[in-house]
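The values are calculated or read from the model by the stated rules, or taken from the named source; none is laboratory data. These figures come from a predicted structure and were not determined experimentally. Here Cβ is always computed from backbone atoms with ideal geometry, including for glycine, and neighbour counts include all displayed protein chains. These area figures cover heavy atoms from the full protein model, side chains too; ligands, DNA and RNA do not enter into them. Shrake-Rupley method; radii C 1.70, N 1.55, O 1.52, S 1.80 Å.
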Amino acid sequence: MRWSHAFIPTLRDDPADAEAVSHRLLVRGGFIRQLAAGSYSILPLGQRVRLKIIEIIRQEMDAIGGQEVVLPTLHPADIWRRSDRYDLMGENLFKLKDRKGVELVLGMTEEEIFAILASELSSYRDLPQIWYQIHTKFRDEPRPKSGLLRVREFTMKDSYTLDVDRPGLDAGFDLHHAAYRRIFARMGLETTDVQASSGAMGGTESVEFIVRSEAGEDWIVTCTGCGYRANVEKAVSALDAVDDGPPGSIERFPTPGLRTIADLAAAHPDVAAPERQIKTLVYFVDGEPTLVLLRGDHELQEQKLLDATGAAAVRPAHPEEIRDLLGADPGSLGAVGVEGIPVIADVALRGRVNMTTGANEDDWHYRGVDVARDIDVGVWADLRSVTSGEPCVDCASPLELWKGIEVGHIFKLGTKFSEAFGAYVQDEDGVNRPIIMGSYGIGVERAMAAIVETSHDDRGIIWPVSVAPFEVVVTVLRADDPATLAAAEDLDRRLRDAGLDVILDDRPERPGVKFADAELVGIPFRITVGPRGLEGGSVELTVRRGMGTEELGVDEVVARLTELVEDGRAAAGG
RNA sequence: CGGGCUGUGGCGCAGUUUGGUCAGCGCACCUGCUUUGGGAGCAGGGGGUCGCCGGUUCGAAUCCGGCCAGCCCGACCA
């Protein structure tokens, strides 16, 4: 490839609306252009990277016995109604109609379609199966952001395991777990596998692959002492015991003007330290008002509420709704004596006595509350968010909280979809059993952005050799000098013959422009060919990562680069 | 969906407060000459319904109203 004929629209200035590093560099480097919010054109350079990522994924999927298919993205809405996800996915699901008025949806994952195909299987002898595809998914994200990190149309590798029993599912899950480790390592991503909530997709065991990055949107909890690691949506921690003193009787007391946990604690330190208060939140859980109880100094983790209730959606009640339900404003709310509204409480409140909580009358609270005696808790669940420094439940070491990008997710789905779509096989006893499914995803463009987030410097992107748009750039200084150009062209040809992915920068630009572009675009190795070096029969090799340089005789170049590139390809990140 | 901000040649911006003299600057682009190991210089040149619609006015990028789009911060996911 000659740079002079390539469409590589690099920009000198940062795009004004790009905040995230990967967004900025991918736009500046001419890899992508935005069409609309969450909608990006992938330019030639971007496509080269994308294809290399896809190829790594494909190789590793094939290596665990995966069979590649391509399924439609346009689905009849009825299919999504049958799996119950038409409503469950809510606004995130793109919905449309055809000319006849038939309702359609654009696939956001494709468990349904795979389950329909799986219904053609009829014997346990046909199992296990691993099926996968790599193509477009649509999600009507409420807030696309950060370039390729969160978009509405993207490429996903989604795979599905089909098994007759739990051990089979476990095996398929483990195969994917190992394959994902190899896939991310090969593309130069350091990932942490963490326990996660499986969310609206249903299922049980669920593991996310997270790349540590400030640009990420997930909060991860890891133990500094043992191997415990989990998404905050799922993470748990130990708590120090709180001394409540002997149980007492419940008593109303006036609290004029005290609206927050902190205010109340400050005014009544004897009975209302935050850990002695019960925080009462009003939520609508699938439309049903529900009281959510937490210790005063704890925060609700909404995903845990979703998981505990099995609801599709939860939202905090509005102030007017709260007044209608409880007769008081936030600040004086409580669950004591409340009837007709279900109460779900965090397990940290279990067995607590002498607690303080709102009396559902503005400016009044109760003290001496015995949770077991005074509150009708319908469901106990872990609902609170873990915070940094709390002790690990396994080893009591302090927990760490950090931000990351979710690049992959694997989970054990179960039989929800196979039952909905009649995907049953007969086992060896002739009994019909629903196929047990696992579901596994990788976001291709998100992985690309994550690589940039974690591998760049102030000059630009530093691509790992394995996914670089080109492995080598041959930079010609004085492209107008026939002898220099001829030498560079000869080098370019020999490198390509050796199987390297090379671009020849033959543009009639000044050296500074070419160096800056090569570094911005992030090509791992640069060979600089100039008249000065050629006089002595040498060229210069610059390694993008670290910018180290060495002089090479023209005859040594092919061997040296072949060695470097092959090391890079194999080194899972180069 | 709530909150904050922004829409002016391909990119980055000024101009809007105080309506006219305003369509401008840098980069990029085209032509010529010089230059050539870290984003060159000189000269000449092309390109913009100032997000859209409506209003006020003799006159609107600028004032008013409505709409649309994009970015960032909070609730969702690969």
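Figures for the structure shown
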| quantity | calculated |
| --- | --- |
| Answer from A:T161, A:T136 - the residue that is β-branched (V, I, T) and either without any contact (Cβ under 8 Å) to a residue 12 or more places away in the chain or under 26 Å from A:R433 (Cβ atoms) (or both) | A:T161 |
| Tally, over the stretch A:533-546, of residues that are open to solvent by 10 Å² or more (accessible area, probe 1.4 Å) and either free of Cβ contacts under 8 Å to residues at least 40 places away in the same chain or under 30 Å from the mean Cα position of the chain (by Cα) (or both) | 9 |
| Residues (closer than 17 Å to A:T136 by Cβ and either among the β-branched types (V, I, T) or in a helix (DSSP H, G or I) (or both)) located in the stretch A:30-48 | A:I32, A:I42, A:G46, A:Q47 |
| Where A:A348 falls short, out of the listed (1) touching a His at 6+ places or on another chain (Cβ under 7 Å); (2) under 30 Å from A:R85 (Cα atoms); (3) open to solvent by 10 Å² or more (accessible area, probe 1.4 Å) | (2) |
| Test for A:L306: is it surrounded by fewer than 18 Cβ atoms within 10 Å (Cβ to Cβ), modelled with pLDDT under 90 and of a type in the set (A, V, I, L, M) | no |
| Subset of the stretch A:197-215 that is at pLDDT 90 or above and near RNA strand B (Cβ under 8 Å from one of its atoms) - its residue that is nearest to A:H456 (Cα to Cα) | A:F209 |
| Condition check for A:R58: in contact (Cβ under 8 Å) with a residue 60 or more places away in the chain and touching a helix residue (DSSP H, G or I) at 6+ places or on another chain (Cβ under 6 Å) | no |
| Test result for A:L121, away from RNA strand B (no atom under 16 Å from the Cβ), at pLDDT 95 or above and not in a loop (DSSP other than H, G, I, E, B) | no |
| Residue match in the stretch A:49-58 (condition: open to solvent by 80 Å² or more (accessible area, probe 1.4 Å), part of a helix (DSSP H, G or I) and within 30 Å of A:Y180 (Cα to Cα)) | yes |
| Qualifying residues in the stretch A:378-388 (those that are open to solvent by 30 Å² or more (accessible area, probe 1.4 Å) and among the β-branched types (V, I, T)) - the one farthest from A:C223 (Cα to Cα) | A:V379 |
| Some residue of the stretch A:269-277 being among the polar types (S, T, N, Q) and surrounded by fewer than 21 Cβ atoms within 10 Å (Cβ to Cβ) | no |
| A:D78 vs. criteria touching a residue at least 12 places away in the same chain (Cβ under 8 Å), out of contact with any helix residue (DSSP H, G or I) (no Cβ under 8 Å at 6 or more places or on another chain) and crowded, with 20+ Cβ neighbours inside 10 Å | no |
| Hits in the stretch A:457-477 (condition: touching a residue at least 40 places away in the same chain (Cβ under 8 Å) and either open to solvent by 10 Å² or more (accessible area, probe 1.4 Å) or of a type outside the set (A, V, I, L, M) (or both)) | A:R459, A:G460, A:I462, A:W463, A:P464, A:S466, A:P469, A:F470, A:E471, A:T475, A:L477 |
| The one condition in (1) touching a residue at least 60 places away in the same chain (Cβ under 8 Å); (2) open to solvent by 10 Å² or more (accessible area, probe 1.4 Å); (3) near RNA strand B (Cβ under 9 Å from one of its atoms) that A:A449 fails to fulfil | (2) |
